[in-house]
Structures are given as C-alpha cells and as structure tokens.
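Working notes for the structure below.
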Amino acid sequence: MLLIDKYAYFNRLKHVHPLEKMIFALSLLLFSLAVRDTTVSLITFTVMSAFIIFGAKIPISYYLKLLLLPGFFVLSGTITILFSFASKFTSIPNVWWSWNFGSWQIFISEDSIKTVIGLIVVVLSSISCLYFLTLTTPITVILYVLRKLKLPSLLIDLIELTYRFIFIFLDTAMAIHQSQSSRLGYSSVRKGIRSLGLLISSLFLGVFQRSEQLTMAMNARGYQENISFIDDSYTYSSRNWLITIVTLVSLFFIYRYI
C-alpha cells in the first residue's frame, strides 16, 4: 500500500461524509481557477493546507514532499514565461533584469514576474485542493459518491481498475528494481542504463500477465460488467456544510471588495 493511500484510510477526517469533502475541495478548486486571483489562491492554499495538516493530521513533512514534485514541474514550466528575448535596440518598460549578447537581449520584466507568481500560486492552491481530497478520502469512497451520482458503471469500473493497476505497476517495478540492485545492476552508468531498459521491458510484460490473471479471476467469480462494493454508512453534518458555505462566501467577498 502506498503511503498516500494509507493516509486516505487512516486520518481524522475519514468518517466525514465523502460528498461534503468532495464539494468543499472541488468548489474551492473551481472558484480559485475561475477568479485566478493571487490573494484568493493564497488563502485557498492556506486553508486547504491547514485542513490537511491540522484537520486530517497528515504529517507536514510528508505533505511538503508531495508538493515538491508538482512544484518542480511548475518551476520548470514557468522559466519560459519568466525569461523573454528581444532585440538589443528595443525599448522595454519595467525591466527588472537584462543581459545583452550580440544584437539580442534576455530580460525579466515586472509583468513576467507577476505572471509567474500568479501562476505558481494558482497551481499550488489547485494542488492543495486535490491533495485534501486524495489524502482524506479513499478511492473506493470516491467511487461510492460517483455511484450515488448515477455516473455510468463502466466509467466507474475503469477508474477502479486503473487505480488498481497503478499499485500493480509500482509494486512490480519496486520488486524488479530491488532484485537488480542486489545484483549490482546499478553499480555503473552503463549497467544502470542496461538495467533500466530490462526493468521497463520486464515491467510491461509483468503487468500484462497480472492483468490477464485478474481478468480470469473476475470471470471465474461471475463478473458481469459491474463490480460490486460494500458501501459504508455516512451521515451529513450541518457544521461541515456551514464551513463550506462560509469559506466560499468569505473568498467571494475578498475577491470582490479587497
């Protein structure tokens, strides 16, 4: 079991109705993406991070590790926005930094800095909303809500099987990598590249075999294009709905009047 999935099953908000958590996270996500305001995004990120760390009791060190991967992609993607090229003789207002080479200049303007900061904040706020839902709600519970919303059963089954095969994929990759490392398969760059190629080829073959075995097991148990689940019982909380409404209304007034 992945650590992120373990926290989804064992956190202080696991007994909260999943529909309440989904509406809270998705409503803040959509509002933050719709207004694209730096202040609203910062508040959204702070609120969701507080619920994750203090409400669900997710370790802050693990939460920061989760933010590193998307943060790396965001920073690498914003480099092209931050730096601009122009002719050396072009007059550019509000230049924060520039460097000339030949007849060209590389520069960073105040507008590009504001754009990058706004983009990073909006992305972080969106990621925090998704992490809140992921770290507090297991996938089976999310599928429970989707079934209650009358989504097509085929779509729900595909989501469940895809999520299952992610674990199979990672488990097989870790087992192969551990076996290769014990045989000094990564002791040099040349051996590492060769071992990585063998890992990728063996990984896909192993996953295909596991998928065939899973299909045979499901057919042997009478699978008829519908995976059955045992649903847990949840109760709605007026306090949680009040928190959602107050948070959304507060963000709206902050965006509208501040």
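Here K148 is the anchor, and the lysines within straight C-alpha reach of less than 22 Å, apart from those fewer than 8 places off in the same chain, are K14, K21. Note on segment 152-177 and segment 238-258: Cα centroid distance 37 Å, given to the nearest whole angstrom.
In terms of overall dimensions, the C-alpha atoms belonging to segment 1-119 reach 64, 30, 18 Å along their principal axes, ordered largest to smallest. Rg and Dmax over the alpha-carbon atoms of the chain stand at 23.9, 75 Å. Ellipsoid semi-axes for segment 152-227, based on the Cα gyration tensor and the rule √(5λ), read 34, 12, 9 Å when sorted largest first.
Taking other Cβ atoms within 10 Å as a rough exposure proxy, I120, I258, I127 sort from fewest to most as I258, I120, I127. Simple point charges give the picture: +1 on the Cβ of Lys and Arg, -1 on the Cβ of Asp and Glu, and for segment 152-227 a dipole about the Cα centre of about 580 debye.
The stretch between I159 and K65 holds 31.3 nm of extra length on full extension. This uses 0.36 nm per residue minus the Cα-Cα distance.
Neighbour counts of C-beta atoms inside 10 Å place E212, E160 in the sequence E212, E160, starting with the fewest. Within the chain, helices built from complete DSSP H runs that reach 15 Å or longer along their own axis (Cα positions) and carry a mean Kyte-Doolittle hydropathy of -0.5 or higher are 18-35, 38-50, 60-82, 110-136, 153-182, 189-220, 238-257. Taking 18 Å as the cut-off, the amide N atoms of segment 1-26 that come nearer than this to a point 7 Å along the Cα-to-beta-carbon line of L242 belong to 16-17, 20-21, 24.
Highest mean first, how do 20-26, 165-171 rank when packing is the count of other Cβ atoms within 10 Å averaged over residues? Intermediate values should be presented prior to the final figure.
Working: 20-26: 19.4, 165-171: 13.6.
Final packing ranking: 20-26, 165-171.
Taking only DSSP H segments of four or more residues, each worth -39500 (n - 2.57), what value at 222 nm results for the chain once the sum is divided by all its residues, to the nearest 500 deg cm²/dmol?
Using -39500 (n - 2.57) per qualifying helix, the result is -24000 deg cm²/dmol.
Computed extension length for K114-L130: 3.3 nm, one decimal, from 0.36 nm per residue of separation with the Cα-Cα distance subtracted.
Listing T215, T244 from the residue with the fewest other Cβ atoms within 10 Å to the one with the most, what is the order? Could the numbers behind the result be given before it?
Numbers: T215 12, T244 17.
Sorted ascending by nearby Cβ count, the order is T215, T244.
Every number in this text was worked out from the coordinates using simple rules, so none of it is lab data. Everything quoted here is computed from the prediction, not taken from an experiment. Note that we place each Cβ from the backbone using ideal geometry, even for glycine, and neighbour counts take in every protein chain shown.
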